[in-house]
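Q: After the structure tokens below, expect a handful of questions from me.
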Amino acid sequence: MWRDHVTEISIFTALFLLVSVMGFIASRWRAPKDMAHLDEWGLGGRNFGGWITWFLIGGDLYTAYTFVAVPALVFGAGAMGFFAVPYTVVIYPMVFLVLCRLWSVSHRHGFVTPADFVRSRFDSPVLALLVAITGIVATMPYIALQLVGIEAVLKAMGVTGETSLARHLPIIIAFAILAAYTYQSGLRAPALIAFVKDALIYVVILAAVLYLPYKLGGWGEIFDAADAKFAASPNPNDGILLNANNQVQYVTLAFGSALALFLYPHSITGVLASRNRDVIKRNMSALPAYSVLLGLIALLGFMAIAADVQPLPGATAGTVDNNTIVPVLFDQQFPSWFTGVAYAAIGIGALVPAAIMSIAAANLFTRNIYKEYLRRDATPAQEAKVSKLTSLVVKIGAVACIVFLDPQFSIDLQLIGGVIILQTLPAVALGLYTRWFHRGALIAGWAVGMSLGMWMLYQVSSPTRSHFGGSAFPLERFGFDTTMTIYAGFVAVLANLLVAAALTLVLRTAQVADGGDRTSPDDYFADEGDPRVSLGDRRGVDAAPESVAGASAG
Amino acid sequence: MATPEPKTPAAAKTRAKDKSPWNWLLFVPVVVPLIPAFYNSDSPRVLGFPRFYWLQLAYILLGVAVTTLVYQLTKRRGDR
């Protein structure tokens, strides 16, 4: 019952209102001369320094859903859920140089989205469209999942209702407010709110990892309790260590997820909003602070086992919702005022990435669909207007997903999202280094990777479901005599690369026309203050004289 | 604030290179955390943490150390 949680609800609401006010004030923060430009609304003026970028990207990548789902995975499966740590360790050294190249070329050409880059690099509106659609489709369920994070908290506070609409009313209100200030302030809103979100999260988690082990008898006891639980469970693949079957899955999932992370449009939005290359490089050393946090949060899953936390019931009768274990753990172990702060941290933690993701998806639509196919002569002011409106549509779509569909559907889609966004790797990430691939081959590779990835995910069963049961594909399906599993996205992107490479050789031999390259080698090293950036006319993608969509002027 | 002061073309040109042998160091924190044989064991425990957990958390420090080192070593004179 919610009456038992009045303190928590009050603190949660107060902090939520505080950040809402900040979200609206953010439009005047670092005052832009003219907000009616995508560089201002969608990229915060491309002028964020080291600290803001750190909070912004940290708030962007380490989402509320991550903070809820990773400990839930550790609670349910043990060591496998800890993949989040190697995942977030390998990512930064891996993208250290790649992101600098992306920033430079985008800075000089005024690119706002990864598809803008692909459009110019490979002279292919079709490939750019595929990258844009992939990005939008992969991002949408991610936004919906942020709502799952808020819902887990609301459920733990006893805020439930009889009807579907009553149950969802709080998140509908929350998202309406979020939509309003994102519309007004653009990327400045999540950048400013991220300070509050991360301060709350750091305080809560540090308190939790110092206090809870003391209360539960020490770290040794916590790990022993988890070990005992997994030893008693019938599932052969859980445990506090990996076994022979899931090591390949662990490594490929960590590596594949790391490859995918900075292909997501919202990550790229955070990177492009930074002021110069130096800010990005310094952040690659500073962002791992969040990985420490994530590692400690993951271990909350074991603390929940040691504290004998029982997850709350799921959406359908007879199921449990493991995503509620962290909220329930806090409710059991901490005084209610502190639990309120913790819940607010998770709730606000959902708003920051949801705002950035909706901005990123809106930018993709505006730049790579609206401007490319619907209105070629759109002015910067019109672009900003369309992007703002699209961000509203995206949020309504996310809320509708949660209200009208089983949340499990969003979780499935997010699983698929990670696999499909990986299929833009050859065009976006390798494209930053080489123009060797033929644009036709990249399109074919994308199609093969997408199909294979979807097929593999469809084949994965879990104890409760026959399809889309996870991302761990059993290798015996490929005819190998083994019980090992592998991350489906990893196999799909390998197939994608093989097809793209092989077909490039074929198309080059057959002398099939390939597009040009509108970027030059030194574009990839340009830095702040570059003389070739024309700031007077930031019209974006090199105004292409030839129209692919036919006559669309007017 | 939104429009940075343009610098002279020469100043921008000096930065127009990104290659350094030190960059190869970045492979270390990418490869090491992906070898479970290093950490997939309970003993030795440190502060109650099995090796699987404390060693992987320690890899975060490895990542920070290497990226910081490469950044400092490849930073050009006169840069911030």
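Q: Identify, please: which residue in segment A:68-89 is at the interface with another protein chain (Cβ under 7 Å from one of its Cβ atoms) and either out of contact with any Pro (no Cβ under 6 Å at 6 or more places or on another chain) or surrounded by fewer than 24 Cβ atoms within 10 Å (Cβ to Cβ) (or both) and is, among those, farthest from residue A:222 (Cα to Cα)? Walk me through it before giving the result.
A: The first filter runs over segment A:68-89 and keeps only residues at the interface with another protein chain (Cβ under 7 Å from one of its Cβ atoms), leaving A:79, A:82, A:85-86, A:89.
Next cut, either out of contact with any Pro (no Cβ under 6 Å at 6 or more places or on another chain) or surrounded by fewer than 24 Cβ atoms within 10 Å (Cβ to Cβ) (or both) only: A:79, A:82, A:85.
On the way: A:79: 14, A:82: 15, A:85: 19 Å.
Ranking the candidates gives A:85 first.
Q: Which pairs do you get when a residue that is surrounded by 20 or more Cβ atoms within 10 Å (Cβ to Cβ), found in segment A:286-313, comes within reach of a residue that is charged (D, E, K, R) and modelled with pLDDT of 90 or more, reach meaning Cβ atoms under 7 angstrom, with the pair 6+ apart or on two chains?
A: Here the result reads A:305/A:229; A:306/A:221, each pair linking segment A:286-313 to a residue that is charged (D, E, K, R) and modelled with pLDDT of 90 or more.
Q: Has segment A:390-398 got at least one residue that is crowded, with 23+ Cβ neighbours inside 10 Å, polar (S, T, N, Q) and modelled with pLDDT of 85 or more?
A: Within segment A:390-398 (the criterion being crowded, with 23+ Cβ neighbours inside 10 Å, polar (S, T, N, Q) and modelled with pLDDT of 85 or more), the answer is yes, since at least one residue qualifies.
Q: Considering segment A:222-255 alone, what residues qualify as being in contact (Cβ under 8 Å) with a residue 40 or more places away in the chain, within 9 Å of chain B (Cβ to nearest Cβ) and under 17 Å from residue A:75 (Cα atoms)?
A: If the condition is that a residue be in contact (Cβ under 8 Å) with a residue 40 or more places away in the chain, within 9 Å of chain B (Cβ to nearest Cβ) and under 17 Å from residue A:75 (Cα atoms), then A:222, A:223, A:240, A:241, A:242, A:250 are the ones that fit.
Q: Another question about this same structure. Among (1) among the acidic types (Asp, Glu); (2) at the interface with chain B (Cβ under 10 Å from one of its Cβ atoms); (3) buried (at least 22 other Cβ atoms within 10 Å of the Cβ), where does residue A:60 come up short?
A: The failed condition is (2).
Q: What number goes with the only condition from (1) away from every other protein chain (no Cβ under 14 Å); (2) in contact with a helix residue (DSSP H, G or I) (Cβ under 7 Å, 6 or more places away or on another chain); (3) closer than 30 Å to residue A:64 by Cα that residue A:133 does not pass?
A: Against the list (1) away from every other protein chain (no Cβ under 14 Å); (2) in contact with a helix residue (DSSP H, G or I) (Cβ under 7 Å, 6 or more places away or on another chain); (3) closer than 30 Å to residue A:64 by Cα, residue A:133 comes up short only on (2).
Q: When you scan segment A:271-280, do you find a residue that is more than 14 Å from every other protein chain (Cβ to nearest Cβ), surrounded by fewer than 19 Cβ atoms within 10 Å (Cβ to Cβ), in contact (Cβ under 8 Å) with a residue 40 or more places away in the chain and within 29 Å of residue A:453 (Cβ to Cβ), even just one?
A: So far as segment A:271-280 goes, no, none of its residues is more than 14 Å from every other protein chain (Cβ to nearest Cβ), surrounded by fewer than 19 Cβ atoms within 10 Å (Cβ to Cβ), in contact (Cβ under 8 Å) with a residue 40 or more places away in the chain and within 29 Å of residue A:453 (Cβ to Cβ).
Q: Also, quick follow-up: Answer with yes or no whether residue A:353 is modelled with pLDDT of 85 or more and over 15 Å from the mean Cα position of the chain (by Cα).
A: On the way: modelled with pLDDT of 85 or more: yes; over 15 Å from the mean Cα position of the chain (by Cα): no.
So residue A:353 fails the test.
Here is a yes/no grid of residues against (1) surrounded by fewer than 14 Cβ atoms within 10 Å (Cβ to Cβ); (2) over 24 Å from residue A:364 (Cβ atoms); (3) in contact with a Cys (Cβ under 9 Å, 6 or more places away or on another chain); (4) modelled with pLDDT under 90:
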site: A:500; (1), (2), (3), (4): no, no, no, no
site: A:504; (1), (2), (3), (4): no, yes, no, no
site: A:507; (1), (2), (3), (4): no, yes, no, no
site: A:519; (1), (2), (3), (4): no, no, no, yes
site: A:524; (1), (2), (3), (4): no, no, yes, yes
site: A:529; (1), (2), (3), (4): no, yes, no, yes
site: A:537; (1), (2), (3), (4): yes, no, no, yes
site: A:543; (1), (2), (3), (4): yes, no, no, yes
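Q: Can you list the helices (runs of 4 or more DSSP H) found entirely within chain B that contain at least 3 residues being out of contact with any strand residue (DSSP E or B) (no Cβ under 6 Å at 6 or more places or on another chain) and modelled with pLDDT of 90 or more?
A: Details: elements: B:9-13, B:27-31, B:51-74.
So the answer is B:27-31, B:51-74.
Q: Across segment A:331-345, what is the total count of residues that are surrounded by 24 or more Cβ atoms within 10 Å (Cβ to Cβ) and closer than 12 Å to residue A:215 by Cβ? Before you say what the answer is, go through the steps one by one.
A: Initial filter on segment A:331-345 (surrounded by 24 or more Cβ atoms within 10 Å (Cβ to Cβ)): A:339-340, A:342-345.
Filter again for closer than 12 Å to residue A:215 by Cβ, leaving none.
Residues in segment A:331-345 being surrounded by 24 or more Cβ atoms within 10 Å (Cβ to Cβ) and closer than 12 Å to residue A:215 by Cβ: 0 in total.
Q: Which condition number does residue A:161 fail, the rest of (1) surrounded by 15 or more Cβ atoms within 10 Å (Cβ to Cβ); (2) in contact with a His (Cβ under 9 Å, 6 or more places away or on another chain); (3) not charged (D, E, K, R) being met?
A: Of the numbered conditions (1) surrounded by 15 or more Cβ atoms within 10 Å (Cβ to Cβ); (2) in contact with a His (Cβ under 9 Å, 6 or more places away or on another chain); (3) not charged (D, E, K, R), the odd one out for residue A:161 is (1).
Q: Under 9 Å by Cβ, and 6 or more places apart or on different chains, what pairs join a residue from segment A:17-42 that is within 14 Å of chain B (Cβ to nearest Cβ) with one that is part of a loop (DSSP other than H, G, I, E, B) and among the acidic types (Asp, Glu)?
A: Within 9 Å, the pairs are A:40/A:34.
Q: For segment A:224-275, which positions are touching a Ser or Thr at 6+ places or on another chain (Cβ under 9 Å), in a loop (DSSP other than H, G, I, E, B) and of a type in the set (Ser, Thr, Tyr)?
A: Correct list: A:264 only.
Q: Considering only residues that are open to solvent by 60 Å² or more (accessible area, probe 1.4 Å) and over 14 Å from the mean Cα position of the chain (by Cα), look in segment B:52-80 and name the one that is nearest to the other protein chains (Cβ to nearest Cβ).
A: So the residue we want is B:80.
Q: What do you reckon, is residue A:386 over 30 Å from residue A:56 (Cβ atoms) and surrounded by fewer than 24 Cβ atoms within 10 Å (Cβ to Cβ)?
A: Details: over 30 Å from residue A:56 (Cβ atoms): no; surrounded by fewer than 24 Cβ atoms within 10 Å (Cβ to Cβ): yes.
When the stated conditions are applied, residue A:386 does not pass them.
The values are calculated or read from the model by the stated rules, or taken from the named source; none is laboratory data. In this text, all values refer to a predicted model and were calculated from it rather than measured experimentally. Cβ atoms come from the backbone with ideal geometry, glycine included; neighbour counts cover every protein chain shown. These accessible areas exclude ligands, DNA and RNA; they are computed on the full protein's heavy atoms, side chains included. Shrake-Rupley method; radii C 1.70, N 1.55, O 1.52, S 1.80 Å.
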